[in-house]
Amino acid sequence: MHKEYHRRHSPRLGREMGIVVYGHWGPPLLAFATSGGDEWEHENQGMIGALAGLIDAGRVKIFTVNSLNFESFYNKDAHPFHRSYVQSQFDGYIREELVPFVRAHCHSPDIAISTMGASFGAYHAANTLFKHPDVVKRCFALSGIYDLKQFMDGTYDDTFYFNNPVDYLSTLSDPSILSQLASCDIHIATGSGPWEDSAFSYQLSRILASRGIPHHLDDWGPEGGHDWPYWHHQMWEYINKLF
């Protein structure tokens with residue numbers, strides 16, 4: 001498998017951020033790590049291996065990115081407003097720095113990007129599409145949580161509001177944004193398997209439906225557990241069918 005490692009300085013974040021690219025060809029899929037993961041997590045946890053045949057066949061090109069989770073919502077030593085601020089900066093990094101890198105790597109200045117992530121990575125995958133439906137046109141959010149109030153210690157600010165999907169989607173009324181979201185392919189995956197809590201996915205689905213936003217609530221039943229083997233199977237099925 002073709003693999004490249006890039007370490008690029010982010011002016012917005014003031015640090016270097018790692019990116020791993022898997023595959024030589026195919027539509028780009030941006031993969032977010034779980035709460036404690038980095039840009040190598042998808043390879044180390046077997047996701048890249050599970051999708052290797054599809055990657056090698058040029059069905060998809062995967063870009064894995066480092067996270068700032070332990071400096072944002074998982075940073076219990078920081079003020080909650082700092083946590084939401086770091087998340088907003090990470091979102092800006094994805095849109096203003098990583099998206100241009102992905103498009104340049106694919107030699108296409110306007111290619112549509114897909115996102116995926118599991119557990120806390122599902123939040124990033126979904127949040128990125130919801131906030132940037134002009135460039136991210138498909139997401140796979142597996143076993144996610146989409147209301148992060150538990151990470152804010154009872155506080156609330158505008159920065160958090162605009163990075164908490166259940167809040168900003170509930171009041172979304174801009175026709176242009178709703179039209180862009182209607183053109184996206186949104187998959188919210190959950191199930192009844194071990195360690196899975198489907199309440200978060202069903203909550204998000206109800207909110208999307210209330211705004212008339214088309215989406216797929218994919219309940220995998222016993223094949224929808226909260227662990228890597230389940231996510232490997234789901235992503236293989238998604239890519240095999242949709243890419």
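Any read-out appearing in this document is the output of simple, stated calculations on the displayed coordinates, not a laboratory observation. Since this is a predicted model, take the numbers as computed values, not measurements. As a convention, Cβ positions derive from the backbone with ideal geometry for all residues, glycine included, and neighbour counts pool all protein chains shown.
Could you tell me how far the Cα centroid of region 184-243 sits from the Cα centroid of region 80-119, in Å? Taking the Cα centre of each part, region 80-119 and region 184-243 sit 21 Å apart.
Expressed to the nearest 5 percent, the antiparallel share of DSSP beta bridges inside region 3-242 is 35 percent. Annotation: peptides 115-128, 151-164, ranked by per-residue average of other Cβ atoms within 10 Å with the highest first, follow the order 115-128, 151-164.
Residue-wise HN-Hα couplings along region 134-140, as the Karplus relation 6.51 cos²θ - 1.76 cosθ + 1.60 with θ = phi - 60° gives them from phi, are 6, 10, 9, 10, 8, 9, 10 Hz; Gly and Pro carry x.
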